[in-house]
Amino acid sequence: MTEPRTRSWMPPIPGPLQRLFDHFPLATYPPNDLPARSPRPSPLPTLYIFASDEDAARGLPSFNPSCLKWQTLLRLSHLPHLAVPSTNHASPTGSLPFLLPPTPALPSPPPRPIPASNIERFILSQPTSPPPTDHFFTPSSSLPPSVVLRQQPYLSLLSGPIRAAWLTALYLDESNTRLLQSLYIDPTSSSPLVRAATLSHLRAAAEREVLRILYPTTGASGGWRLSINAILEFGPGARKEPGGGGGVVNSEEIYREAERAWESLALLLGESETGWFFGVDRPGVFDVGVFAYSYLVGVASGEEEKGGRGLEWGDGGRLDRIVRGAHHGELVRHRERIWDMCWGRRRDGEGMKER
């Protein structure tokens with residue numbers, strides 16, 4: 001006795017469709033190649049930063065202070081690496097920069113991206129040949145506790161009045177609209193409507209970020225906690241604090257506070273016998289943090305051999321005049337010294353790679 005055939009739960013395929021499948025059998029095609037800009041296996045770590053394709057290819061500094069800070073530290077360390085232009089969309093933390101360790105050939109699992117806060121630790125963990133003494137940097141972990149404690153109020157100058165002035169100048173000053181568009185808006189879309197909407201969005205976000213800096217607490221004082229994920233230099237997430245009142249950005253007062261902050265930094269630097277902050281023998285993370293702002297507020301003149309580096313500010317370089325006028329010019333000498341160590345002619349093609 002034959003066993004009954006098990007019937008499929010699926011209904012039979014109609015005859016015409018079956019004949020079609022017989023004539024054109026199903027086939028599995030090989031996977032498509034990755035997009036041209038997708039990460040490729042690389043023996044070098046890759047730093048993802050805000051930069052134009054052309055500037056990244058030439059190895060020029062990022063136009064974003066946070067990115068430039070860590071880009072500068074990598075170049076000071078003499079650790080060979082790649083620099084790649086990117087956006088916050090590509091960052092696992094929602095903001096740039098981030099570092100991708102050397103990527104093995106497929107099918108090995110990809111390495112975990114390294115956020116900005118861990119880039120220094122990654123640099124120090126890499127086995128490299130000892131670079132020239134005056135070109136390396138002072139690790140944060142080697143600073144004595146007294147210096148770490150002394151740094152705190154000066155770090156607040158960078159994250160407070162100096163950052164507020166940067167945001168005010170770049171995003172809120174109408175005379176710098178052309179610069180803002182060239183850096184952050186024009187590369188995103190060719191549509192005039194999209195560009196106009198992006199400009200409005202950015203300015204609103206920047207104003208709220210400035211208010212957050214001015215009013216760090218919540219409540220009737222008008223404190224804000226705001227960022228715009230996927231656009232620019234404010235971290236992920238955005239919301240208005242409950243009960244927050246309004247606020248007005250007074251640009252003149254912001255610039256006055258920034259002038260006092262830069263003057264304090266210049267006085268501090270003037271106390272150092274080494275030319276680096278807090279008297280360290282080699283530049284540290286604090287030095288590159290100051291450089292990231294002091295360099296970017298400079299006015300580009302197209303004459304790099306004469307120090308004409310920075311951005312094409314439409315306001316004539318108001319913040320640069322503040323930096324140049326602080327105390328006895330210590331900040332200008334400081335930024336020129338770091339520039340020479342990281343991007344000067346003696347560093348051209350030396351250990352740095354861009355793509």
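Every number in this text was worked out from the coordinates using simple rules, so none of it is lab data. A quick note: this is a predicted structure, and the numbers were derived from the prediction, not measured. In this analysis, Cβ positions are derived from the backbone assuming ideal geometry, glycine residues included, and neighbour counts consider all displayed protein chains.
Miscellaneous remarks
- Residues TYR184, TYR29, sorted so that the one with the fewest Cβ neighbours within 10 Å comes first: TYR29, TYR184
- Each of CYS67, CYS342 has some number of other Cβ atoms within 10 Å of its Cβ, and from fewest to most they run CYS342, CYS67.
- With neighbour counts taken as other beta-carbon atoms within 10 Å, the residues ARG256, ARG208 rank, fewest first, as ARG256, ARG208.
- Cut-off under 5 Å, modelled amide H: who pairs with VAL299 long-range: LEU311
- Under a 5 Å amide H cut-off, with hydrogens placed 1.01 Å from N, HIS81 pairs with LYS353 among residues at least 5 apart or on other chains.
- Given charges at Cβ of Lys, Arg, Asp, Glu: the range 45-159 dipole, positive-most of LEU79, LEU157, SER142: SER142
- Once backbone amide H atoms are built at 1.01 Å from N, ALA51 has SER86 as its partners under 5 Å, excluding neighbours fewer than 5 places away on the same chain.
- Listed values for the range 169-178 are Karplus-derived 3J(HN,Hα) couplings in whole Hz (6.51 cos²θ - 1.76 cosθ + 1.60, θ = phi - 60°), namely 5, 6, 9, 9, 7, 4, 5, 9, 4, 4, and x replaces Gly and Pro.
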